[in-house]
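The values are calculated or read from the model by the stated rules, or taken from the named source; none is laboratory data. Everything numeric here is computed off the predicted structure, so don't read it as measured data. When we count neighbours, we look across all protein chains shown, and the Cβ atoms used for this are built from the backbone with ideal geometry, even at glycine.
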Amino acid sequence: MAVTEASRQVGVVLRRRSIDNPWIDHMWSPLMLLDDVPATAPWTVLSSEADATIYYAGSASIDLFSSDTANYRDNLADGEPRIWVALRRQDGGAELELTKVTADPTEGEAMFESGCDVIGTVPMSPDIASWIAAFVDEFHVEKVFHKRQRDRTSEDRKREASEGPPGRKGGV
């Protein structure tokens, strides 16, 4: 079965917040996704206050795969669907690079363990939720669970021979 894909470009907005910590002086977090990519240069300051600065980080692609529709469906059914955003520091420096934006909760959780420098979730907009729901409706195929039968070992065969036919014990 071929995997069908769909992609959509979105804009990513981040917050850089000052914090009182002896090891770091600020923290990055995803703030929101824009349904469309604006004609704004990446890393443009959108607003600035005493302890926080909001940046347009740039565009990213949300990629959907027909093999992952069950995960998207679960995300949409959660009541508050989320999008995961991951960023990495470039060459160990202070600059961040968008590495992944996903609607797949399994992939999002895996990113937490992958060593990305900044990971967070943002609410999924109704427009993006509708796009993902349409993809799920078109390509989701319920997978049938088949219980695997264990291979019989020589020990199993010996035990069955000593027990006799099913329902009888002791081979008598």
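A few points about this structure:
- Residue check, T121 modelled with pLDDT under 95, of a type in the set (S, T, N, Q) and more than 21 Å from S59 (Cβ to Cβ): no
- Considering residues of the stretch 85-96 that are among the charged types (D, E, K, R) and surrounded by fewer than 16 Cβ atoms within 10 Å (Cβ to Cβ) only, the residue farthest from V12 (Cα to Cα): D91
- Wholly within the stretch 12-71, strands (runs of 3 or more DSSP E) carrying at least 1 residues that are at pLDDT 95 or above, within 23 Å of I132 (Cβ to Cβ) and of a type outside the set (F, W, Y): 26-34, 52-65
- Long-range neighbours under 9 Å by Cβ, at least six apart or interchain, first residue touching a residue at least 40 places away in the same chain (Cβ under 8 Å) and in a strand (DSSP E or B) within the stretch 116-128, second buried (at least 18 other Cβ atoms within 10 Å of the Cβ) and of a type in the set (G, A, S): V118/A86; G120/A86; T121/G108
- Taking the criterion of being of a type in the set (S, T, Y) and surrounded by fewer than 16 Cβ atoms within 10 Å (Cβ to Cβ), the residues of the stretch 54-84 that qualify are S61, S67.
- Among the residues of the stretch 94-109, those identified as closer than 19 Å to Y56 by Cα and not in a strand (DSSP E or B) are A94, E95.
- Selection of the stretch 119-135 for residues being surrounded by fewer than 20 Cβ atoms within 10 Å (Cβ to Cβ), more than 12 Å from R82 (Cα to Cα) and either among the aliphatic types (A, V, I, L, M) or touching a His at 6+ places or on another chain (Cβ under 7 Å) (or both) yields A133, A134.
- Pairs, first in a helix (DSSP H, G or I) in the stretch 72-89, second not hydrophobic (A, V, I, L, M, F, W, C), C-beta under 6 Å, six or more apart: N75/P81; N75/P105
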